[in-house]
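The values are calculated or read from the model by the stated rules, or taken from the named source; none is laboratory data. Keep in mind that what you see is a predicted model, and the values were worked out from it rather than measured. Ideal geometry is used to build each Cβ from the backbone, glycine not excepted, and the neighbour counts take in all protein chains shown. These accessible areas exclude ligands, DNA and RNA; they are computed on the full protein's heavy atoms, side chains included. Shrake-Rupley method; radii C 1.70, N 1.55, O 1.52, S 1.80 Å.
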Amino acid sequence: MAISDGSLEGLQQPLLQQDGQQQPRPLQSNATSQHALVGSNLCPIESLDYEYPNAFIVFSMSNLCLSLLAVLFTSLVAPETAGSGIPEVKAYLNGVDAPAIFSFRTLLVKIVGIILVVSSSLNIGKAGPMVHIGACVAAILCMGGSRKFVVCRNWFRVFRNDRDRRDFITCGCAAGMAAAFRAPVGGVLFALEGMASWWRGSLLWRSFFTTTVVAIVLRAFIDMCWKGECGLFGKGGLIMYDVTSENITYHLKDVPPVLLLAVMGGILGSLYNLLLERVLRIYKHINGKGLAYRLLLACCLSIFTSCLLFGLPWVASCRPCPSDASEPCPSIGRSGNYKKFQCAPGYYNDLASLFFNTNDDAIKNLFSKNTDSEFNPKSMHTFFACSFFLSSFSHGLVTPAGLFLPLIVTGAAYGRLVGIHFGSNSTLNHGLFAVLGSAALLGGSMRMTVSLCVIILELTDNLLLLPLIMLVLLISKTVADAFDRNIYDIIMNLKGFPYLQSHGEPYMRQLTVGDVVSGPLHILHGIEKVGSIVHVLKTTGHNGFPVVYEPTNSSFPVLYGLILRAHLITVLKKKPFSETPRSVDPVALSQFSADDFGKGDFGPVDQIEDIELSVEEMEMFVDLCPFTNTSPYTVIETMSLAKALILFRQVGLRHLLVIPQVPRSEPVVGILTRHDFMAEHILKLYPRMTQSNSKRLRLQLPWLL
């Protein structure tokens with residue numbers, strides 16, 4: 001669990017008196033240690049009234065204040081920053097336009113919010129929000145800054161288009177992951193495998209260059225902070241969890257427990273996704289009732305977490321310090337494997353050593369080599385169960401929250417349990433089982449393979465484990481795919497993002513685009529009355545409208561092109577109107593520039609309600625032909641829906657015009673958007689297709705559903 005102050009040893013440290021001399025703090029009662037029954041073993045502990053009630057009050061109140069402040073700040077300033085941000089960024093890179101998630105305000109709230117919530121002892125990670133932070137920085141840089149905060153450079157206008165913006169954001173995702181885990185290659189592969197929907201060779205070397213710069217900057221800061229002046233930042237190098245050993249090896253007899261670990265990891269990952277989905281649905285209902293309910297939910301969860309973290313170590317047995325410990329035992333300060341807690345000198349509490357540590361230090365403790373006897377099996381069971389459920393229930397508050405580190409911690413505890421119960425005949429130590437357990441749970445929940453494998457290797461600096469990590473990730477992903485989708489797809493579905501997969505459902509081959517296109521269709525003419533345009537914009541929420549004109553040599557109107565809502569609003573703001581239906585005047589046309597129709601900032605967009613038009617202006621006419629896209633993508637109404645999906649996704653479209661097979665009075669049958677390709681929409685129109693939805697075999701668990 002992430003704990004800001006590290007441990008409670010600070011209450012037992014010497015006080016600095018006014019004369020500069022350190023004097024020991026006097027005990028409130030007898031200072032001699034006594035024997036008490038803790039857990040199931042008879043072990044020496046300190047006197048139970050030694051300021052522990054005061055410590056619990058300070059600990060719980062600090063956590064509560066930080067949690068409430070994080071929820072309050074996020075809810076009032078930028079509610080869109082809640083969660084990890086990875087589903088939002090992934091949906092945007094797929095084509096879902098959500099501009100608010102990349103604003104300067106979002107960046108500020110994300111940074112402050114993740115600092116507050118990680119410091120509040122909630123079982124929440126920082127890797128996911130760091131990916132979102134990297135994407136925000138890249139998006140703001142692509143736009144040349146923020147006009148709202150008067151930080152803008154016009155020489156960035158060349159990048160103000162969808163393609164370059166997606167490239168920048170993809171590189172930002174890679175940079176965020178590389179900074180979170182000090183894994184430059186893993187960051188590139190994460191952006192490739194888990195985030196981007198479109199990938200090119202040029203984007204590969206750009207993201208690689210970005211993560212290279214991140215690694216160099218990290219190395220520079222580590223060198224600057226090596227003397228300990230920056231807290232724990234400078235401890236170690238780019239390798240966060242060193243598990244290398246001189247004589248590490250594995251044999252054929254090590255494979256069966258690893259296979260068991262992988263299969264069970266896939267099942268646990270699927271169960272974790274199922275539990276988290278249920279929790280998020282409940283939290284969504286509670287958070288929708290208002291700010292008071294959000295604060296109440298955060299208050300209950302914070303107090304419950306504090307009680308568990310402070311209370312469970314009391315039932316764990318004190319263990320004698322190992323004689324060959326590589327660090328002081330018991331540990332002094334915020335980090336270390338041997339937390340004293342309530343134990344007497346010369347003993348440590350293994351469960352407190354995991355709870356009263358940051359997530360990074362807890363992972364380091366679990367991954368450590370030559371520590372097979374340092375953790376009691378009972379303590380490891382308790383820590384695994386607590387971490388599994390707290391990580392599920394902590395995600396869903398209106399605060400920034402990541403999933404990577406909680407899953408790594410939980411998976412490490414699970415791997416050690418497998419090593420304890422099934423690895424007695426294996427040559428792998430429990431620390432290596434913890435590494436494989438983290439890989440299994442990550443693969444079972446997130447369903448990524450290559451990127452996770454490289455990230456774990458860069459974290460641990462152990463290439464000899466590469467074949468085993470590959471095997472564990474492939475098996476856990478395959479097993480989990482039989483039950484449900486990956487966690488980010490589940491969250492995107494809960495948030496209502498119309499994410500398009502790279503392949504269509506089998507029943508799409510049985511349908512045509514004409515079967516799913518829906519109306520009513522609002523068509524504009526080349527020269528249209530201003531009042532009609534305003535009426536269409538106010539009564540519909542469509543973002544694209546077909547423009548038609550009637551040639552003199554044809555009895556049917558002809559499709560001229562497509563015009564976007566934002567472009568219509570821009571035209572109405574400039575008011576190039578005429579009293580008679582005629583082409584636009586060249587003088588009126590000269591007041592427009594390409595920047596007026598370019599991609600705007602990530603702030604609020606102009607609305608039709610913001611435009612003031614008089615009664616006389618509403619009766620005027622405007623020529624839409626100069627502002628219309630005359631070459632939109634079109635498909636015939638008899639085209640297969642599966643083929644249309646491939647075209648729509650590969651080209652990155654927002655609108656796809658459907659034209660009739662034979663000429664008719666209306667030159668456009670309808671407009672396909674990404675919502676028309678969603679399974680919910682299609683199955684609502686054709687319920688019989690539900691039986692044909694056999695894309696993937698899903699094993700149902702009725703007793704869980």
What number of residues within the stretch 381-397 are buried (at least 24 other Cβ atoms within 10 Å of the Cβ) and hydrophobic (A, V, I, L, M, F, W, C)? 2
Give the stretch 198-226 a look and list any residue that's open to solvent by 60 Å² or more (accessible area, probe 1.4 Å), assigned to a helix (DSSP H, G or I) and more than 30 Å from Q501 (Cα to Cα), or say none. V213, I216, V217, R219, F221, D223, M224
Any idea which of G504, G526, G531 is small (G, A, S), in contact (Cβ under 8 Å) with a residue 60 or more places away in the chain and closer than 19 Å to V658 by Cβ? G504
Which is of a type in the set (K, R), within 23 Å of V409 (Cβ to Cβ) and either open to solvent by less than 60 Å² (accessible area, probe 1.4 Å) or not in a strand (DSSP E or B) (or both), of R319, R281, R294? R319
Kindly establish whether I487 is among the aliphatic types (A, V, I, L, M) and open to solvent by 40 Å² or more (accessible area, probe 1.4 Å). no
Before we move on, is E528 modelled with pLDDT of 90 or more, in contact with a Phe, Trp or Tyr (Cβ under 9 Å, 6 or more places away or on another chain) and not hydrophobic (A, V, I, L, M, F, W, C)? yes
Can you name every residue in the stretch 349-376 that is more than 31 Å from the chain's Cα centre (by Cα) and without any contact (Cβ under 8 Å) to a residue 40 or more places away in the chain? N349, D350
Quick one: which helices (runs of 4 or more DSSP H) sit completely within the stretch 582-694 and have at least 3 residues that are of a type in the set (A, V, I, L, M)? 586-589, 641-651, 679-685
G541 vs (1) in contact (Cβ under 8 Å) with a residue 24 or more places away in the chain; (2) under 30 Å from C142 (Cα atoms): all pass except (1)
Among the residues of the stretch 602-618, what is the count of those that are open to solvent by less than 50 Å² (accessible area, probe 1.4 Å) and modelled with pLDDT under 80? 2
I611 among the aliphatic types (A, V, I, L, M) and under 30 Å from S665 (Cβ atoms): no
Counting only residues in the stretch 426-444 that are open to solvent by 10 Å² or more (accessible area, probe 1.4 Å) and either of a type in the set (D, E) or under 21 Å from H381 (Cα atoms) (or both), the one nearest to the chain's Cα centre (by Cα) is identified as H430
For the stretch 32-42, indicate whether the set of residues that are open to solvent by less than 50 Å² (accessible area, probe 1.4 Å), at pLDDT 50 or above and not small (G, A, S) is non-empty. no
Residue by residue through the stretch 419-475, note down the ones that are of a type in the set (V, I, T) and either farther than 15 Å from P256 by Cβ or modelled with pLDDT of 95 or more (or both). I420, V435, T449, V450, V454, I455, I456, T460, I469, V472, I475
Is one or more of the residues making up the stretch 113-121 in a helix (DSSP H, G or I), modelled with pLDDT of 85 or more, under 27 Å from M678 (Cβ atoms) and in contact with a helix residue (DSSP H, G or I) (Cβ under 9 Å, 6 or more places away or on another chain)? no
Please go through the stretch 328-386 and pick out each residue that is farther than 16 Å from W314 by Cα and hydroxyl-bearing (S, T, Y). S331, S335, T358, S368, T371, S373
Pairs returned, first residue in the stretch 118-134 that is at negative phi, second residue that is aromatic (F, W, Y), beta-carbon separation under 7 angstrom, 6 or more apart or interchain, are G125/F404; A127/F181; A127/F404; G128/F404
Candidate set: the stretch 472-482, residues that are among the hydrophobic types (A, V, I, L, M, F, W, C) and open to solvent by less than 60 Å² (accessible area, probe 1.4 Å); chosen: the one farthest from S451 (Cα to Cα): A482
For the stretch 653-680, what are the residues that are under 26 Å from A196 (Cα atoms), surrounded by 15 or more Cβ atoms within 10 Å (Cβ to Cβ), touching a helix residue (DSSP H, G or I) at 6+ places or on another chain (Cβ under 8 Å) and not acidic (D, E)? L653, R654, L656, L672, R674, F677
Candidate set from the stretch 518-574 (those that are under 18 Å from D606 (Cα atoms) and among the hydroxyl-bearing types (S, T, Y)); member that is surrounded by the most Cβ atoms within 10 Å (Cβ to Cβ): T570
Counting just the residues of the stretch 85-115 that are more than 30 Å from R649 (Cβ to Cβ) and open to solvent by less than 30 Å² (accessible area, probe 1.4 Å), which one comes out nearest to the chain's Cα centre (by Cα)? I114
Could you tell me which of the residues I563, I646 is touching a residue at least 60 places away in the same chain (Cβ under 8 Å) and touching a helix residue (DSSP H, G or I) at 6+ places or on another chain (Cβ under 8 Å)? I563
